[in-house]
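Have a look at the structure below, then the notes.
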Amino acid sequence: MGNFVVWMVWVVAAFACLGSGAAVVSFSNPYYSALALIGNLGSLAVLYLLLSAEFVAAAQVLVYAGAVMVMFLFVIAYLGRHADAPWAGGPSWQALGAVAAAGSLMVEIVVVIGLKASGRLSDAPDISAGFGSPYEVGKLFLTDHLLAFEITSIVLLAAAVGGVVLGSHARGEEEAA
Amino acid sequence: MGPALTWYLAISAFLFAIGALGVMLRRSPLIVLLSLEIMLNGANLALITFSRHHGELDGQIFALAVMAVAAAEVVVGLGLIVAVHRRRLDLDVDKLSTLRG
């Protein structure tokens, strides 16, 4: 019974994930694309929960679906109708090349993973109850991966400074406008 | 026991490919950024799947670092888009070609 429920949750989350991913790329209105991406991130969080990555799922909903997507929606609202991006009639060989490149990327990923780990991927090892909990993740962040933790803070500081610099009116910009 | 880990990897491959398609096909920088997020999330799903496969938490740590970098990238990208819009330029990645060599 529990097995069946897990499968049902997985199937719903997987199809929501794939469908909303395709919707993000294909909508012409960026507002709908951003809303579809929120759905995509939410269904990915469900998949993370099924992989017993509780803390990452919570961070995904808080950081991505919460903070980042709100910023996206603000900018799209700020741009107004300038943000509309209908499918432009570019040269068709460009579109064909893009489809071929994306398809070959997918085939490449599938082949590499299949060659490398096909037989051993079906059975996941038993894990302790604390796997993926904030306690375990925080302990790793502050011991083994302290450097990554500190570098993340520097990256975020640089991004904040960059955002302020880009957002403030640069000198000479008023004449150009 | 739920679905095998291979299926999660199939989803992550599909997400990465469809994100790459959006990055290459669409010409609005906003949708290019949104597609880039899909690519990053496909990579994150693969990282977390392999973390579960090995029973080690390091993949989840990497996924969290990817999330932080993605947030930084969105700040800078959206700042650039707003700056481009303020200069009354078209929001079209094909027309922003001043730096082309």
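Structure summary
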quantity	calculated
Cβ pairs under 8 Å, 6+ apart, first in the stretch A:157-177 and at the interface with chain B (Cβ under 10 Å from one of its Cβ atoms) and surrounded by fewer than 13 Cβ atoms within 10 Å (Cβ to Cβ), second part of a loop (DSSP other than H, G, I, E, B) and modelled with pLDDT of 60 or more	A:Glu173/B:Arg87; A:Ala176/B:Arg87; A:Ala177/B:Arg87; A:Ala177/B:Arg88
Filter result for the condition that a residue is at positive phi, over 12 Å from the mean Cα position of the chain (by Cα), at the interface with chain A (Cβ under 7 Å from one of its Cβ atoms) and outside any helix (DSSP H, G or I), over B:Arg88, B:Arg27	B:Arg88
Count - residues of the stretch B:52-69 that are more than 7 Å from chain A (Cβ to nearest Cβ) and either closer than 30 Å to A:Val164 by Cβ or surrounded by 18 or more Cβ atoms within 10 Å (Cβ to Cβ) (or both)	3
Residue ranges of helices (runs of 4 or more DSSP H) in the stretch A:1-59 with at least 2 members within 13 Å of the chain's Cα centre (by Cα), touching a residue at least 40 places away in the same chain (Cβ under 8 Å) and farther than 18 Å from A:Phe131 by Cβ	none
Residue count for the stretch A:132-156, restricted to those that are small (Gly, Ala, Ser) and facing chain B (nearest Cβ under 8 Å)	2
Filtered residues of the stretch A:123-144 (kept if over 19 Å from A:Tyr48 (Cβ atoms) and either within 25 Å of the chain's Cα centre (by Cα) or part of a helix (DSSP H, G or I) (or both))	A:Lys139, A:Leu142
Test: B:Leu21 is more than 7 Å from chain A (Cβ to nearest Cβ) and within 14 Å of the chain's Cα centre (by Cα)	no
Check on B:Leu40, under 24 Å from A:Leu79 (Cα atoms), modelled with pLDDT of 90 or more, surrounded by fewer than 23 Cβ atoms within 10 Å (Cβ to Cβ) and more than 7 Å from every other protein chain (Cβ to nearest Cβ)	no
Subset of the stretch B:30-61 that is charged (D, E, K, R) and part of a helix (DSSP H, G or I) - its residue that is nearest to A:Asn29 (Cα to Cα)	B:Glu37
Count of residues meeting criterion [surrounded by fewer than 22 Cβ atoms within 10 Å (Cβ to Cβ) and on the phi < 0 side of the Ramachandran plot] in the stretch A:46-56	5
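The values are calculated or read from the model by the stated rules, or taken from the named source; none is laboratory data. Remember, it's a predicted structure, so these values are computed and weren't measured experimentally. Positions of Cβ are backbone-derived with ideal geometry, glycine not excepted, and every protein chain shown enters the neighbour counts.
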